[in-house]
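Student: Mind looking over this structure? Questions follow.
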Amino acid sequence: MNARVLFDPGATHSFISPCFASRLGRGRVRREEQLVVSTPLKEIFVAEWEYESCVVRVKDKDTSVNLVVLDTLDFDVILGMNWLSPCHASVDCYHKLVRFDFPGEPSFSIQGDRSNALTNLISVISARRLLRQGCIGYLAVVKDSQAKIGDVTQVSVVKEFVDVFPEELPGLPPEREVEFCIDLIPDTRPISIPPYRMAPAELKELKDQLEDLLDKGFIRPSTLMNFYNYVE
C-alpha cells in the first residue's frame, strides 16, 4: 500500500493519520501512557492509540515501527526518530534524499518529492490566534463561472405544487376576511426610548438628598417583615 510519508528527524515518534489507518485492515491498541504532542505553533494534541509492529517497506527492505494515531493533513505517515535511528537513515535536505546504511548491506537512498513546496495549510485554531494577534485575514469565495443556473421547475417542491407556482401571476391575491395592514404616519421620526436608568450624577444627588432627610428625621427606613426575619 503506497503512502505519502514525511521523514521527520525532529519527531521522537512515528505517526499515522486516522484516514489512512482505516485502510490497514487491522486493529489498534491503547497506549499504556498517553502521548502529548506539541507543534511549533504551540498546539497540544493528546494521542492514546497506536498500531503496533507496522511493516514499512523501503525499496525491497522491510522494517517495523509502531505508529501513533494523529490527525494529520498533508501526510499519511510521519516517520520519526524511533524509525530513522534503527534504519541508520540520514536525510539530505538539499537533494531531498533519504539514505539508508543498514549494517552488512549495501547502502541505498530514496528520492523525495521534487516539488518546491507543499500546499500551505493552517488549522482553524492557529488562524484564530493569528487574527487575535493583529494579522490580516482575507475571505475568498470561489465561484464557478461555467456553472449552469438551474431552472425553478426542476425543484421537487415546485413539481408537486404546479398550481401554486405558475409561470405568470394571474393577478393580485384575493381579498381576505381579515385585513392586516400597518398604518404609516408621514414625517414620523424614529421612536427612541432611552433605557430606564439614572445617570451617575443624578443617582448621587438623590442619595445625598435621602441621607439629608434621614439625618433630619423627616423620613425613616422602611422595614419589610416576612416569616423569618426583618429586612430593612
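The values are calculated or read from the model by the stated rules, or taken from the named source; none is laboratory data. None of these values were measured; they are calculated from a predicted model. Heads up, the Cβs are rebuilt from the backbone with ideal geometry, glycines too, and the neighbour counts pull from every protein chain shown.
Student: When you scan the stretch 1-42, how many residues do you find that are touching a helix residue (DSSP H, G or I) at 6+ places or on another chain (Cβ under 7 Å) and closer than 27 Å to residue 99 by Cα?
Tutor: Qualifying residue count, the stretch 1-42: 7.
Student: Here is a further query. Of all residues in the stretch 25-52, which are over 21 Å from the mean Cα position of the chain (by Cα), of a type outside the set (Phe, Trp, Tyr) and under 30 Å from residue 92 (Cβ atoms)?
Tutor: 35, 50, listed by residue number.
Student: Then there's this: Just to be sure, is residue 53 in a strand (DSSP E or B) and on the phi > 0 side of the Ramachandran plot?
Tutor: When the stated conditions are applied, residue 53 passes them.
Student: For residue 72, all conditions in the list (1) among the β-branched types (Val, Ile, Thr); (2) under 18 Å from residue 29 (Cβ atoms); (3) assigned to a loop (DSSP other than H, G, I, E, B) hold save one; what is the number of the exception?
Tutor: (2) is the only condition that residue 72 fails.
Student: Please go through the stretch 170-218 and pick out each residue that is surrounded by 10 or more Cβ atoms within 10 Å (Cβ to Cβ) and β-branched (Val, Ile, Thr).
Tutor: If the condition is that a residue be surrounded by 10 or more Cβ atoms within 10 Å (Cβ to Cβ) and β-branched (Val, Ile, Thr), then no residue fits.
Student: Determine which member of the set 215, 144, 151, 163 is at pLDDT 75 or above and either over 30 Å from residue 73 (Cα atoms) or of a type in the set (Phe, Trp, Tyr) (or both).
Tutor: From the options 215, 144, 151, 163, the qualifying one is 215.
Student: Right, here's the next one. Determine whether residue 62 is surrounded by fewer than 11 Cβ atoms within 10 Å (Cβ to Cβ), at pLDDT 85 or above and either closer than 27 Å to residue 130 by Cα or over 27 Å from the mean Cα position of the chain (by Cα) (or both).
Tutor: Taking the combined requirement at face value, the residue satisfies it.
Student: Can you confirm whether the stretch 86-94 contains a residue that is of a type outside the set (Ser, Thr, Tyr), assigned to a loop (DSSP other than H, G, I, E, B) and in contact with a Ser or Thr (Cβ under 8 Å, 6 or more places away or on another chain)?
Tutor: yes
Student: State which residue is farthest from residue 87 (Cα to Cα) when the search covers only the stretch 34-56 and only residues that are charged (D, E, K, R) and modelled with pLDDT of 85 or more.
Tutor: The selected residue is 48.
Student: Within the stretch 13-24, how many residues are exposed (fewer than 13 other Cβ atoms within 10 Å of the Cβ) and more than 27 Å from the chain's Cα centre (by Cα)?
Tutor: Number satisfying all stated conditions: 0.
Student: Might you let me know whether the stretch 36-58 holds any residue that is in contact with an Asp or Glu (Cβ under 8 Å, 6 or more places away or on another chain) and over 27 Å from residue 125 (Cα atoms)?
Tutor: Checking the stretch 36-58: at least one residue is in contact with an Asp or Glu (Cβ under 8 Å, 6 or more places away or on another chain) and over 27 Å from residue 125 (Cα atoms).
Student: Restricting the stretch 43-82 to residues that are touching a Leu at 6+ places or on another chain (Cβ under 9 Å) and aromatic (Phe, Trp, Tyr), which is nearest to residue 100 (Cα to Cα)?
Tutor: Looking at the filtered set, the residue picked out is 75.
Student: Restricting to the stretch 43-59, give me the number of residues that are surrounded by fewer than 16 Cβ atoms within 10 Å (Cβ to Cβ) and either touching a helix residue (DSSP H, G or I) at 6+ places or on another chain (Cβ under 6 Å) or not hydroxyl-bearing (Ser, Thr, Tyr) (or both).
Tutor: So the answer is 9.
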